[in-house]
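A.B. asks: Below you will find the structure I want to go over with you.
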Amino acid sequence: YNQYPCAVIEAGGIAAGTDALTVNGADNQIWGLQIQRSPRDGIRVNGDANALNYVKVYSSADNGVRINGDNNLVYQGTIGFSSSGAWPNCYPNRTGILIANGGTGNRVESTYVGCSIQAGVQISASNLNTIGRYTNIGLGTTYGEPNGIGILINNGSFRNEITQTYVTYNLGNGIEITGANGTSILDSVILDNGRNGVALYNASFTSVGG
């Protein structure tokens with residue numbers, strides 16, 4: 001869990017249906033920002049090639065982080081729970097991280113995603129994105145921060161990759177691929193989820209393990 005000092009955006013008082021932070025530009029770096037209680041998305045990234053480093057986002061009414069652009073990075077984030085103090089506490093987002101609207105080439109790395117009401121990470125109608133590099137989705141029994149579904153890939157998404165990712169102790173399927181093709185699942189640990197480790201529904205050209 002990242003313990004870096006954070007600037008805090010307390011978004012509970014902003015207008016309904018708005019995001020706490022929207023990034024429309026390109027090539028921005030955001031470091032050590034904590035966002036809580038957003039009326040819609042905690043962080044919405046519409047631009048390209050931005051990096052969210054060491055961000056903490058929880059208690060968003062919609063998505064903790066939503067990415068609509070291309071080639072963005074979420075690195076060392078803590079999504080869905082507070083890591084302050086001796087024991088983490090759940091403060092759910094509806095979905096932890098959503099990549100949507102045709103976003104391509106985005107990456108989630110070394111990030112902890114827990115407590116999401118729906119999916120920890122969802123890729124919807126988007127291609128060529130990567131979840132990997134020691135990302136933890138759901139965590140384990142020690143901390144008990146499950147998502148409804150660990151990772152959901154759907155709505156015609158194509159050629160996305162899950163690699164070096166821990167998908168554990170989620171309430172439903174660990175990885176669910178619905179109406180999405182060409183997904184690769186490599187070098188990952190998928191265990192102790194409430195339903196299937198990997199569930200495929202109307203999904204073609206899926207590679208599990210190599």
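The values are calculated or read from the model by the stated rules, or taken from the named source; none is laboratory data. Quick caveat: nothing in here was measured; it's all calculated off a predicted structure. No Cβ is skipped: glycine too gets one built from the backbone with ideal geometry, and neighbour counts run over all protein chains shown. Quick note on the areas: whole protein, heavy atoms, side chains included, nothing else; ligands and nucleic acids left out. Shrake-Rupley method; radii C 1.70, N 1.55, O 1.52, S 1.80 Å.
A.B. asks: Restricting attention to region 35-45, which residues are surrounded by 21 or more Cβ atoms within 10 Å (Cβ to Cβ) and in a strand (DSSP E or B)?
C.D. replies: Of everything in region 35-45, those that are surrounded by 21 or more Cβ atoms within 10 Å (Cβ to Cβ) and in a strand (DSSP E or B) turn out to be 35, 43, 44, 45.
A.B. asks: Can you go through 147, 106 and tell me which one is open to solvent by less than 10 Å² (accessible area, probe 1.4 Å), at pLDDT 95 or above and in contact with a Gly (Cβ under 6 Å, 6 or more places away or on another chain)?
C.D. replies: Selected residue: 147, the only one of 147, 106 that is open to solvent by less than 10 Å² (accessible area, probe 1.4 Å), at pLDDT 95 or above and in contact with a Gly (Cβ under 6 Å, 6 or more places away or on another chain).
A.B. asks: Read through the list (1) open to solvent by less than 40 Å² (accessible area, probe 1.4 Å); (2) in contact with a Gly (Cβ under 8 Å, 6 or more places away or on another chain), then give the number of the only condition that residue 195 fails.
C.D. replies: (1)
A.B. asks: Looking only at region 44-54, decide whether some residue is out of contact with any Phe, Trp or Tyr (no Cβ under 9 Å at 6 or more places or on another chain) and small (Gly, Ala, Ser).
C.D. replies: So far as region 44-54 goes, yes, one or more of its residues are out of contact with any Phe, Trp or Tyr (no Cβ under 9 Å at 6 or more places or on another chain) and small (Gly, Ala, Ser).
A.B. asks: Name the residue, out of 175, 131, that is in contact with a Gly (Cβ under 7 Å, 6 or more places away or on another chain), modelled with pLDDT of 95 or more and not charged (D, E, K, R).
C.D. replies: 175
A.B. asks: Would you please list the contacts, defined by Cβ atoms under 6 Å and residues six or more apart or on different chains, that run from a residue in region 51-73 that is within 13 Å of residue 24 (Cα to Cα) and among the aliphatic types (A, V, I, L, M) to a residue that is at pLDDT 95 or above and open to solvent by less than 10 Å² (accessible area, probe 1.4 Å)?
C.D. replies: 67/45; 67/99; 67/103; 67/106
A.B. asks: With the requirement that a residue be under 13 Å from residue 157 (Cβ atoms) and not in a strand (DSSP E or B), what does region 170-204 give you?
C.D. replies: 179, 180, 182, 183, 202, 203, 204
A.B. asks: In region 52-67, is there at least one residue being among the small types (Gly, Ala, Ser) and open to solvent by less than 20 Å² (accessible area, probe 1.4 Å)?
C.D. replies: Yes: one or more hits.
A.B. asks: Looking only at region 77-100, filter to residues that are surrounded by fewer than 17 Cβ atoms within 10 Å (Cβ to Cβ) and farther than 20 Å from residue 30 by Cβ; which one of those is modelled with the highest pLDDT?
C.D. replies: Only one residue fits best here, namely 90.
A.B. asks: I'd like to know if region 17-28 contains one or more residues that are within 18 Å of residue 88 (Cα to Cα) and crowded, with 18+ Cβ neighbours inside 10 Å.
C.D. replies: So far as region 17-28 goes, no, none of its residues is within 18 Å of residue 88 (Cα to Cα) and crowded, with 18+ Cβ neighbours inside 10 Å.
A.B. asks: Against the definition (under 16 Å from residue 130 (Cα atoms), open to solvent by 50 Å² or more (accessible area, probe 1.4 Å) and free of Cβ contacts under 8 Å to residues at least 40 places away in the same chain), how does residue 202 come out, yes or no?
C.D. replies: no
A.B. asks: Looking only at region 131-166, filter to residues that are assigned to a strand (DSSP E or B) and among the polar types (S, T, N, Q); which one of those is farthest from residue 79 (Cα to Cα)?
C.D. replies: Across region 131-166, the extreme among qualifying residues is 154.
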